[in-house]
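Visitor: Below: one structure in structure tokens.
The values are calculated or read from the model by the stated rules, or taken from the named source; none is laboratory data. All values derive from a computational prediction rather than experimental measurement. Neighbour counts are summed over all protein chains in view; Cβ atoms, including those assigned to glycine, are modelled from backbone coordinates with ideal geometry.
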């Protein structure tokens, strides 16, 4: 009996210690803070992870200290600076930095099954909607959709941050997930945008065609100038060649050596007051040059052969000449004797 009684007492003591440990000790993880609540009033905040002690009748509220995300409950409709309607959906990332203030602010609305976090998210939803309306209502839809989107999210986060600090929350980031026209006007707006873009594209095409015409005209002008200059140079070269040939022929005809020289001459041409052209001069060689009868005779013979080739080709042309004509000088006698 005595042993049984001792066993019961030891068991009762161990059970009491277990119950005392269960009600007096609590664990705080690294991802959370803890508030010790005594008779509905916060006593202190535990921010370090580990095992902690409290009064058995005190309550402990765990508050997540990680980065949290809140999605806007429903896509909201706003009006931009031009009074155009726009449907916006967004989300925010936040962190609870003051657990005590956070608890004191939202505990009164934690009833009805929402809990502390649900009450807090309702508060975040309110300031998020207000910040979206105020910020996006100051700009146009084009700014929201394209040019200023990143800057606008920064403004929204700053506005939300100022309000959220009042209940111990820090806003980390805000992003606009979707910004679009309401369904009832979207098709009309898209049609208008398509027409505007088509007009802009047509204007660009017209400008491109006009520029194409200008470039082609400029290219044709330059081409004409280049061809004209090339023809001029060709005629100059041909003229120089003809002059050189005639000079050589003149020397051969007279049986005297000639000197052909290229000289530059100042010539007024076009818009340039002076242009240096190239000419050809022909003169008989100076000094002891004497007439070479054999050379002159060979030249006469060669020119006569060319004349025979031209005049006596097979054809319908008839030539009536006397046998002693000068034309047949070499035809009858290779020496050219008359």
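Visitor: Please work out if residue 168 is surrounded by fewer than 19 Cβ atoms within 10 Å (Cβ to Cβ) and not assigned by TED's automatic domain parsing to the domain that holds residue 41.
Guide: no
Visitor: If residue 84 satisfies all but one of (1) in contact with a helix residue (DSSP H, G or I) (Cβ under 6 Å, 6 or more places away or on another chain); (2) modelled with pLDDT of 85 or more; (3) over 20 Å from residue 122 (Cβ atoms), what's the number of the condition it fails?
Guide: (2)
Visitor: What are the residues in segment 88-119 that are part of a strand (DSSP E or B) and either out of contact with any helix residue (DSSP H, G or I) (no Cβ under 8 Å at 6 or more places or on another chain) or assigned by TED's automatic domain parsing to the domain that holds residue 40 (or both), if any? Talk me through it step by step, then tell me what you get.
Guide: Initially, segment 88-119 is screened for residues part of a strand (DSSP E or B), giving 88-96.
Within segment 88-119, 89, 91, 93, 95 meet the criteria.
Visitor: If you go through segment 41-52 one residue at a time, do you hit one that is surrounded by 16 or more Cβ atoms within 10 Å (Cβ to Cβ), under 30 Å from residue 175 (Cβ atoms) and either within 51 Å of the chain's Cα centre (by Cα) or modelled with pLDDT of 80 or more (or both)?
Guide: Looking through segment 41-52, none of the residues is surrounded by 16 or more Cβ atoms within 10 Å (Cβ to Cβ), under 30 Å from residue 175 (Cβ atoms) and either within 51 Å of the chain's Cα centre (by Cα) or modelled with pLDDT of 80 or more (or both).
Visitor: Looking at segment 126-136 only, could you name the residues that are out of contact with any strand residue (DSSP E or B) (no Cβ under 6 Å at 6 or more places or on another chain) and surrounded by fewer than 17 Cβ atoms within 10 Å (Cβ to Cβ)?
Guide: Matches in segment 126-136: 126, 130, 134.
Visitor: Of the residues 177, 223, 205, which is modelled with pLDDT of 85 or more and either in contact with a strand residue (DSSP E or B) (Cβ under 8 Å, 6 or more places away or on another chain) or surrounded by 11 or more Cβ atoms within 10 Å (Cβ to Cβ) (or both)?
Guide: 177
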